[in-house]
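Only one structure is covered here, and it is reproduced in the block below.
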Amino acid sequence: MSLEDPFAGRAAWFAGHYRSGRGRARLELVMDRLLPALPPPPARVLDAGGGTGAFALPLARRGYMVTLLDRSGEWLEEARRGAADEGLRVQLIEGPAERAPDLVGDGFDAVLAHTLLVYAEDPMGTLSALRAAAKSEAVLSLLEKNRASLALRPGLTGEYEEALRVLDDPISAGRLGIPNRSRSTAELRSLLVSTGWRPRDWAGIRLFSDGVRDDIDEASFASVLRLDRAVATREPYRRVARLVHLLAVAEDAGRPPLGGVQAQSVERAARSTRAAWPPDRSLSPEGLHRFLERKKYAVLSTARPDGRPHAAMVAFCLREGVFWLPSVAGSARLRNLAAEPWATLVVSEGEGEEHIAVVVEGDALVHAEPGPVLDGFLRDAWAQKFGTDLTTWVGAVVELVPRKVLSHGPEGAVAVQ
Ligand SMILES: C[S@@+](CC[C@H](N)C(=O)[O-])C[C@H]1O[C@@H](n2cnc3c(N)ncnc32)[C@H](O)[C@@H]1O
């Protein structure tokens, strides 16, 4: 038993946790969302920080080829016993998730990281390593402790001082007794975008079942699970569940071209959207580029933490399918993006039949230390486009990664100059 391993001596407790009401709810509610998101067996699944095999074993039972990577030999031993009892094949590898590609190779069809980042000193390093072990379009299942609800459990069980403390401090110990960091979905989504994962949807896990008694009868347990399933994606409940479950998809290096994002957006558009943005009036990929290269200003819309919309003029540079928006330090849009890292940009010109409009929605990453982006290209690109020195006022740079693009141009828009 290694003295450096904070998990040593706790594997049996954690395995037992999955027999408690709370543990069973965690497993069932996550499995509900995970199974439909996975490619069919025998796809290769990497369970990083998979511990005692609570997820690895049921997946192996369903025919998945599971590799469980964990830094604790003791927890792996618990998983080995569980697999042996059932005659299941699970590859068990001891080591840190940060070294995943060296330890387990690459090409995984799916990666699980369930309450792993809570313990990570360098969550970007961990997620980057997991991205390197995954193949393109692989699914990531990320389960994390929810920053927004940290005070709820102590506050509802009479630990009022602890509830007050965690309002301002994301570090807490939980029942396992190991200090860990909870994060907001906004933080997690930004981490995913900056490490090559495209966030998909997210759900709140275990809101009402977080308070179940271990001796809860089966009928009541089934009811509370139904209740938690019903609120998993329903506002405002999901925001205050104990855990958040995010699904993401491994992206290729580089961002997809704007024309490709537009084609996908048109394909997925609802009938009402197609009526407002008729596909035959979309700008061609070249027309889209020419228009956006020529334009300098746009309206950027973000959401205030209390839900009220905020819109303001911004100047932008477009580079390889990504919009770069310099901002003064402390601006409203930076505060808004910290709470909800998603923005809509509208670029338009002209009136009536001749007007052109482009709307772009996407993940918005804030570069609070803009130095590397400025040195990388933005200082020069800005000077070329605007003829001014951006560095005299810029405090942060927003990187808007388009996920939805729609455009409208005059008749024969493919020829827009
Ligand atoms: C709370 S347990 C979760 C286990 C499992 N993912 C689950 O949800 O049942 C956290 C696990 O992550 C492992 N772990 C923590 N940091 C790790 C790291 N950097 N690399 C690999 N495993 C790690 C621990 O050894 C432990 O098994």
Checklist entry - For Val224, which of the numbered conditions (1) over 25 Å from the mean Cα position of the chain (by Cα); (2) free of Cβ contacts under 8 Å to residues at least 40 places away in the same chain fails to hold? => result (2)
Checklist outcome for this item: For Glu28, the lone unmet condition from (1) more than 9 Å from the ligand (Cβ to nearest atom); (2) over 24 Å from Asn146 (Cβ atoms) is (2)
Checklist entry - Out of curiosity, is Asp280 more than 30 Å from Ser128 (Cβ to Cβ) and not in a helix (DSSP H, G or I)? => result no
Next on the checklist: Yes or no: the stretch 389-398 includes at least one residue that is touching a Cys at 6+ places or on another chain (Cβ under 7 Å), of a type outside the set (Lys, Arg), modelled with pLDDT of 95 or more and in the same structural domain as Ala269 (by TED's automatic domain parsing).
Outcome noted: no
Next on the checklist: Just to be sure I understand, how many residues within the stretch 7-52 are over 29 Å from Ala219 (Cβ atoms) and outside any helix (DSSP H, G or I)?
Outcome noted: 18
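Okay, residues lined up against (1) in contact (Cβ under 8 Å) with a residue 12 or more places away in the chain; (2) farther than 20 Å from Arg189 by Cα; (3) touching a strand residue (DSSP E or B) at 6+ places or on another chain (Cβ under 8 Å):
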{"site": "Glu340", "(1), (2), (3)": "yes, no, yes"}
{"site": "Gly362", "(1), (2), (3)": "yes, no, yes"}
{"site": "Thr388", "(1), (2), (3)": "no, yes, no"}
{"site": "Thr391", "(1), (2), (3)": "yes, yes, no"}
Checklist entry - Within the bounds of the stretch 146-164, is there any residue that is within 22 Å of Gly53 (Cβ to Cβ), within 16 Å of the ligand (Cβ to nearest atom) and either in contact (Cβ under 8 Å) with a residue 12 or more places away in the chain or out of contact with any strand residue (DSSP E or B) (no Cβ under 7 Å at 6 or more places or on another chain) (or both)? => result no
Item to check | Sole residue being more than 14 Å from the ligand (Cβ to nearest atom), within 20 Å of Leu176 (Cβ to Cβ) and without any contact (Cβ under 8 Å) to a residue 40 or more places away in the chain, chosen from Arg89, Arg62, Arg81 | outcome: Arg81
Item to check | First in the stretch 109-128 and within 17 Å of Phe55 (Cβ to Cβ), second anywhere and near the ligand (Cβ under 8 Å from one of its atoms) and among the aromatic types (Phe, Trp, Tyr), Cβ under 9 Å, 6 or more apart | outcome: Leu112/Phe55; His114/Phe55; Tyr119/Phe7
Checklist entry - If only one of Thr52, Thr115 is surrounded by fewer than 21 Cβ atoms within 10 Å (Cβ to Cβ) and within 10 Å of the ligand (Cβ to nearest atom), which one is it? => result Thr115
Checklist outcome for this item: Scanning the stretch 99-112 for residues that are near the ligand (Cβ under 10 Å from one of its atoms) and not in a strand (DSSP E or B) gives Arg99, Ala100, Leu103
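Would you call Trp277 of a type outside the set (Lys, Arg), in contact (Cβ under 8 Å) with a residue 40 or more places away in the chain, surrounded by 18 or more Cβ atoms within 10 Å (Cβ to Cβ) and more than 24 Å from Leu191 (Cα to Cα)?
yes
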Checklist entry - Do you know which of the residues in the stretch 354-383 that are among the acidic types (Asp, Glu) and not in a helix (DSSP H, G or I) is nearest to Ala276 (Cα to Cα)? => result Glu361
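The values are calculated or read from the model by the stated rules, or taken from the named source; none is laboratory data. A quick note: this is a predicted structure, and the numbers were derived from the prediction, not measured. Glycine gets a Cβ as well: all are built from the backbone with ideal geometry, and neighbour counts include every protein chain shown.
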